[in-house]
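Just so you know, all these numbers are worked out from the coordinates, no wet-lab data involved. Source: prediction; values computed, not measured. Cβ: placed from backbone, ideal geometry, glycine included. Neighbour counts: every protein chain shown.
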Amino acid sequence: MGHNRHNAVALHAADAKELLNSALPFVYQQMTADQIDQVQKVLDAVVVNPEIMKKANEIYAKSVITQTETFVYRDQKIVDRSFHMAATQIFFNESDKHIRLDYKKLLKPDALIPRTDNPDEKKYLQMVRQTLEAKGVWLRYDQPLVRVPGEAGQWMRDPRVFNAWISLGYGGDAIPTKDGHLDREALLGNQLLGAGYWEHVDYGPVQQELHKQIDILNGLIVDGRDEHNRLIGRKADAPIVGAISDTVGGADLPDISIWDQPFNFMLKAMDLNNDGKVMAARPYLIVGAIVARNNAKLLAEYADASSSGAGSVVKVLKVAKTAGKVAEVGLAITGVVGVVRGGGALIAGEAGADATVDELAEKTLADYLKKNPEVAKDLDKVRWVPGPKGTTLGRGIKPGQSSGNGTGWDKW
């Protein structure tokens with residue numbers, strides 16, 4: 001240590017080892033002897049220096065030989081003794097109260113391991129590591145304000161009382177840690193890192209795009225169900241004419257319950273996405289969108305065959321088209337061809353788009369089911385409905401990987 005601690009001990013200076021071991025025991029264990037000495041130097045200085053300056057000033061006051069109204073004559077030897085006394089202070093500056101630590105020694109093994117399947121989280125935690133490397137983790141310590149004994153409303157800095165904490169960066173915000181370990185809670189408790197997680201993960205591109213598409217699907221299901229009810233109402237209002245029209249046209253109006261299936265998948269996707277499980281939410285969004293698309297096509301075929309009017313066909317085909325786009329985006333998000341930004345379309349052009357989506361969805365979901373067989377249990381509970389002509393999704397899916405019937409999704 002670069003200074004004599006005798007006077008500091010006599011003046012009851014705070015002990016660095018006690019301070020660090022009390023506030024940040026794990027940090028203390030990782031510090032070098034030189035780093036601990038640096039802390040002790042500051043703790044000693046705040047009690048020793050005032051005493052040294054008090055003595056230096058007393059000596060300096062004795063140096064006066066004589067004085068007039070304009071001059072003071074001093075004994076140079078006594079002045080030199082005063083200056084020599086002052087020079088024995090323990091000199092330090094603000095930088096001495098900032099010690100860069102080896103953050104890797106403080107980092108818990110699982111601190112930067114993603115807890116969700118959201119790829120944005122993985123990317124952000126990599127950014128956190130880069131930030132730790134660039135800014136550093138620093139030990140900080142200083143004197144807090146304490147109440148003046150017996151003086152209500154009066155505050156002071158006690159030279160024997162110190163706080164110690166760690167911060168992100170030399171002068172950055174604190175990293176709240178119980179003992180000095182850098183775990184996930186401590187890192188994200190930092191203002192900068194916590195706000196970044198909110199921006200890049202909680203409200204990051206993947207989760208927000210999924211949220212957006214889930215909302216769109218919800219609206220499509222509402223529109224499809226409303227139009228379905230309108231067709232049911234039309235048939236009920238004119239049962240004879242409606243029956244004749246349906247028979248002549250070869251049309252069969254599906255049951256309104258066909259919308260329960262995509263609605264339940266939409267809700268499941270919403271719950272999983274809200275929990276940060278975006279990869280788990282994705283298959284439910286994709287299947288829900290495809291089923292909604294097929295439902296709308298069924299209604300379009302019925303409306304066209306039963307002479308329900310061009311208006312109904314246009315409305316449900318719009319639902320079908322948009323639902324197909326939702327499925328496209330669901331495939332693109334985090335998966336098939338890279339992350340979608342701003343809801344861009346996966347398929348270039350309309351021709352064969354549905355068939356391509358079905359094919360990609362089949363492959364994507366089959367792969368997901370192999371890794372997550374528990375999802376197949378959810379699918380087994382769902383009663384698939386017949387799809388319109390041209391639906392190809394499901395061919396080649398084996399029993400136990402889809403709804404359990406092994407017939408392929410083209411025969412829902």
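Tabulated values for the structure
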item: Residues with amide H under 5 Å from that of VAL64, placed H, sequence gap 5 or more; result: ASP75
item: Violating pairs (Cα-Cα greater than 31 angstrom) within the set LYS122/LYS363; LYS108/LYS212; LYS123/LYS212; LYS122/LYS212; LYS17/LYS55; result: LYS108/LYS212
item: Gain on full stretching of the segment that runs from ASP275 to THR88 - 0.36 nm per residue minus C-alpha separation; result: 61.2 nm
item: Per-residue ³J(HN,Hα) for the stretch 29-37, Karplus 6.51 cos²θ - 1.76 cosθ + 1.60, θ = phi - 60°, Hz, x for Gly and Pro; result: 5, 8, 7, 7, 4, 5, 5, 5, 4
item: Cβ-derived FRET efficiency at R0 25 Å, ASN163 paired with GLN126, nearest 0.05; result: 0.20
item: Global form of the stretch 94-138, assessed from the alpha-carbon gyration tensor, a/c cut-off 1.5; result: prolate
item: Convex hull projection area averaged over all views, the stretch 1-106, Cα basis, nm²; result: 8.6
item: Placed amide H near ASP183: partners under 5 Å, 5+ positions off or other chain; result: LYS108
item: Approximate spin-label separation ALA355-ASP173, in nm, with each point projected 7 Å along Cα-to-Cβ; result: 5.5
item: Contour excess over end-to-end distance, with Cα ends at ASP34 and ARG230 and 0.36 nm allotted per residue; result: 62.4 nm
item: Overall Cα dimensions of the stretch 6-202 - principal axes, largest extent first, Å; result: 83, 40, 32
